[in-house]
Amino acid sequence: MGCLPRERRRRVGTTNKFEGLARSDLPPLKRVAYTVPEFCFRNNISRPTYHRLRAEGRGPVEMRLGLNAIRISAEAERNWQQEMQKPRPDLEARTAERAVMAGDAAVKSDRHVSKRRRRAK
């Protein structure tokens, strides 16, 4: 009375529309989440930079899957990119302070250009 699995007839509406196609013939899948290395590659930043930004609270929103699996959604990536484009007055002030300190340190150095003697011809 019962049919063996290989003798079953296909039911209407259960066919796989991709059956028989090669992998290259399939439509491209849209990625909805990326790993940390993929995220870093896509945004041209190093992993240490990513972890520094995350420690500063300026990293993207992460999805944690278990203990070690971290994913960043495409939406979180877009939001992070928009957030990074906004001007940050505190960072600009710190950058200016660091430039002044670097200039002062360079002038104090024995190897500074102002302390070189002119070569005799």
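Can you tell me which residue within the stretch 46-87, out of those that are hydrophobic (A, V, I, L, M, F, W, C) and not in a helix (DSSP H, G or I), is nearest to Arg31 (Cα to Cα)? Among those residues, the one meeting the criterion is Ile72. Just checking, does the stretch 88-106 include any residue being surrounded by 10 or more Cβ atoms within 10 Å (Cβ to Cβ), outside any helix (DSSP H, G or I) and among the basic types (Lys, Arg)? Scanning the stretch 88-106 turns up at least one residue that is surrounded by 10 or more Cβ atoms within 10 Å (Cβ to Cβ), outside any helix (DSSP H, G or I) and among the basic types (Lys, Arg). Of Val32, Val61, all but one fail to be at pLDDT below 95, in contact with a helix residue (DSSP H, G or I) (Cβ under 7 Å, 6 or more places away or on another chain) and exposed (fewer than 12 other Cβ atoms within 10 Å of the Cβ); the exception is Val32.
The values are calculated or read from the model by the stated rules, or taken from the named source; none is laboratory data. The model shown is predicted, which means the values in this text are computed figures rather than measured ones. Neighbour counts are summed over all protein chains in view; Cβ atoms, including those assigned to glycine, are modelled from backbone coordinates with ideal geometry.
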